[in-house]
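Inspection log for the structure reproduced underneath, given as structure tokens.
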Amino acid sequence: MEYLKELNDLQLKAVTTQNKKVLVVAGAGSGKTKVLTDRIKYLIDKGVRKNEILAFTFTKKAAKEMKDRLKSYDFENVFTFHSFCYNHIMANPKAFGLKKDDIYVITDDYKDILISNILDPMNLRISKKNILQYISKRKNGIDVTFDNSEDECLYNSIYYRYQEYLSNCGAIDFDDMVPLFLKHFNELENKDIILRNAKYILVDECQDTNQLQYNLVNLLSQYHGNIFMVGDPKQLIYSFRSSDIKIINDFKESCDEVISLKQNYRSCSNILDCANKLISNNTYVEDNDIFSLIPKKYDVNKTIYQSTIEEANVVALKIEKLLKLGIKPLDIAVLYRNNYQSNQLEMALKKRQIPYVVYGKNPFNELPECKRMISAYRFLKNPNDYLLFLLMLNPKKEELDNFKNNYHHDKPILEYAKTYPDSKINNIANNLMDLMNSINDYTKSDRFDRIAEILFGNDIKTSQSENLLLLKELITSSELEDESEILNDILIEEPSKDKALGVRLLTIHKAKGLEFKCVFLISLNDGIIPNNTTNRDSLEEERRLCYVGMTRAKEFLHVSSAYQHFISGQRKTLRPSIFMSEIN
């Protein structure tokens, strides 16, 4: 067990603990992934069978990283909460109350058009966004309060119609996965096998768990009671996804042992001094300030600019200087609160011909051409789902309204489309019918080409063609056999941009779990970060968000704000964030 020699005393204590319920409070950069993976190695080396260890993390990327670190042990039991539940649901959909064997996960576009389809006949002006938020909260077990009983009845009615449509089509949304597993688990024939195999459960980033996910962990641990949770209350930044600080506190009260990892192996000591100053202003702060033995390399820059244009130009200039010092572009990141804030940065970087990669804008799986292809694949297996047909067509709103208003649901959608007075729709419908009749004669590659030909013909731009080639590669090279599972896999997590060269531009939320030599944390202004100063809980979460951004930096940290901002087409003057003064 040579790997144990690389651990400090507290890490070693965590990895080798004999206690059943353990909370490891792992500060930023303290080696939590190493502790998790070494814990799994240790258990296997002690004779625990690999199928008796179950590890949960929050993103497929984090799961892949853990699997890569455990490659020599050939350990694959690392899941997100959703992928674990999804795998069991797909193995036997009918056991989970679903009507069909071929289940697909719907996209946000599908949700949007489905809600429109429900609301239009009711002639109601209700925010689709509010409806979708209500549906998501309800599925995640979050209480929603209404001003009156009429609104409550209306929202409930829309929810049931939404669920009925999905059920009839053999579809689920992302929020269905964990609740479905919990609801039907006790009815499963293989329930005892699942529980017997869950001898050791490990949870990464446990501060981000919501109540349903915590219920899932407790459910799976009922035979053996071994739960090893690793997290950091100072990095809880997902309350909008129903993460709750009470969960980690509850587990802390009931667990057998709490181990605090305080030594940071990522950042220079002066960067951590600033981060600790900031987070000490939160009311919930344990005595676990992180520290580093890495000496200072650069001063922490704290600057207030006159405008975001000046801010972007100076940041680009500083990046240019860092590149001349030999730092690679992918070791530099610019972090911000909202996606729109990258616009001026992109312009400033282009002027200096500095390569960059933007995260969070137009994710690959949300590009129109990719969404149309995915909808077409799904329609071929679900030819009665006319919403998939509409998404595949991608018509303008006026054309969409005409098509919908003239369609009677007692007639198959393709039969209707064949006779609809629009040659483009006629051709697509006829060609799809021909393809359906001979679909088994095509290879994966040829099937993709034929669908693309039906939808786009020669009317496709170079950039779209490149995106379709990437989608084709993902579908044809997948180790999965079933195309429905391949498409679900693509939709649940967009393809990684890690190998792309360029300075990283991304939101702080997206940067969680990442690290860079040089970090620029920009536009720390009241109204942006923090975006809410009236509510204490919200303010403290925003402070944690800023803390997460600062602790991504290894050697160089530049923190800035700007007075003049351009937001939603309007010029606004904003005060520097309260966090700027707290850092000082």
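Just for segment 147-205: of the residues that are in a loop (DSSP other than H, G, I, E, B) and open to solvent by less than 50 Å² (accessible area, probe 1.4 Å), which one is farthest from Phe75 (Cα to Cα)? Per the criteria, the residue is Gly170. For segment 206-229, the tally of residues that are over 19 Å from Thr17 (Cβ atoms), assigned to a helix (DSSP H, G or I) and touching a residue at least 12 places away in the same chain (Cβ under 8 Å) stands at 10.
Looking only at residues in segment 206-218 that are at pLDDT 95 or above and open to solvent by less than 10 Å² (accessible area, probe 1.4 Å), the one that is farthest from Ala55 (Cα to Cα) is Leu216.
For (1) under 19 Å from Thr37 (Cα atoms); (2) open to solvent by less than 10 Å² (accessible area, probe 1.4 Å), each residue gets a yes or a no:
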site	(1), (2)
Leu220	no, yes
Val230	yes, yes
Asp244	no, no
Asn249	no, no
Lys252	no, no
Asn264	yes, yes
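Restricted to strands (runs of 3 or more DSSP E) entirely inside segment 257-359, those with at least 2 residues that are modelled with pLDDT of 95 or more and within 17 Å of Phe520 (Cβ to Cβ) are 301-307, 332-336. Would you check if Asn365 is at pLDDT below 85, of a type in the set (S, T, N, Q) and open to solvent by 80 Å² or more (accessible area, probe 1.4 Å)? For Asn365, the condition - at pLDDT below 85, of a type in the set (S, T, N, Q) and open to solvent by 80 Å² or more (accessible area, probe 1.4 Å) - is not met. Thr107 falls short on exactly one of the conditions (1) over 26 Å from Asn77 (Cβ atoms); (2) without any contact (Cβ under 8 Å) to a residue 60 or more places away in the chain, and that condition is (2).
Hey, any hits in segment 561-583 for a residue that's crowded, with 17+ Cβ neighbours inside 10 Å and closer than 30 Å to Lys60 by Cβ? The answer is no; no qualifying residue exists. Considering Ser72, Ser83, the condition of being of a type in the set (S, T, N, Q) and open to solvent by 80 Å² or more (accessible area, probe 1.4 Å) is satisfied by Ser72 alone.
Restricting attention to segment 22-78, the residues that are of a type in the set (Lys, Arg) and under 19 Å from Ile248 (Cα atoms) add up to 1.
Scanning segment 387-402 for residues that are surrounded by fewer than 20 Cβ atoms within 10 Å (Cβ to Cβ) and part of a helix (DSSP H, G or I), we see that the one that is modelled with the highest pLDDT is Asn402. When restricted to residues that are open to solvent by less than 70 Å² (accessible area, probe 1.4 Å) and within 17 Å of Cys546 (Cα to Cα), segment 290-316 contains 4. Considering only residues in segment 50-67 that are under 25 Å from Gly225 (Cβ atoms) and free of Cβ contacts under 8 Å to residues at least 40 places away in the same chain, the one that is surrounded by the most Cβ atoms within 10 Å (Cβ to Cβ) turns out to be Ala63. When segment 468-485 is filtered for residues that are in contact with an Asp or Glu (Cβ under 9 Å, 6 or more places away or on another chain) and closer than 19 Å to Ser83 by Cβ, the ones remaining, listed by number, are Leu474, Ile475, Ser478, Leu480, Asp482, Ser484. Taking segment 423-432 as the range and being farther than 14 Å from Tyr407 by Cα and surrounded by 15 or more Cβ atoms within 10 Å (Cβ to Cβ) as the test, the residues that pass are Ile428, Ala429, Asn431, Leu432.
Being farther than 19 Å from Thr283 by Cβ, modelled with pLDDT of 95 or more and open to solvent by less than 30 Å² (accessible area, probe 1.4 Å) narrows it down to one residue among Ala511, Ala553; which is it? Result: Ala553 is the single residue among Ala511, Ala553 that is farther than 19 Å from Thr283 by Cβ, modelled with pLDDT of 95 or more and open to solvent by less than 30 Å² (accessible area, probe 1.4 Å).
When the helices (runs of 4 or more DSSP H) confined to segment 508-584 are screened for residues that are within 26 Å of the chain's Cα centre (by Cα), those reaching at least 1 such residues are found at 508-511, 536-550. Screening Ser375 on (1) at pLDDT below 95; (2) open to solvent by 40 Å² or more (accessible area, probe 1.4 Å); (3) not basic (Lys, Arg) shows it passes everything except condition (2). Selection over segment 13-47 of residues that are open to solvent by 40 Å² or more (accessible area, probe 1.4 Å), farther than 20 Å from Ser72 by Cβ and not charged (D, E, K, R) gives a count of 2.
In summary, helices (runs of 4 or more DSSP H) completely within segment 1-105 and bearing 2 or more residues that are under 23 Å from the mean Cα position of the chain (by Cα) and either at pLDDT below 95 or among the aliphatic types (A, V, I, L, M) (or both) occur at 32-45, 60-69, 81-91.
Screening Asn384 on (1) open to solvent by less than 50 Å² (accessible area, probe 1.4 Å); (2) in contact (Cβ under 8 Å) with a residue 60 or more places away in the chain; (3) in a loop (DSSP other than H, G, I, E, B) shows it passes everything except condition (1). Kindly evaluate Asn92 against the criterion of being within 21 Å of Leu188 (Cα to Cα) and open to solvent by 10 Å² or more (accessible area, probe 1.4 Å). Yes; evaluated as a whole, the condition is true for this residue.
The values are calculated or read from the model by the stated rules, or taken from the named source; none is laboratory data. Owing to the predicted nature of the structure, the values given are computational and were not obtained by experimental measurement. Glycine also receives a Cβ, built like all others from the backbone with ideal geometry; neighbour counts cover every protein chain displayed. Surface accessibility is based on the protein's heavy atoms, side chains included, excluding ligands, DNA and RNA. Shrake-Rupley method; radii C 1.70, N 1.55, O 1.52, S 1.80 Å.
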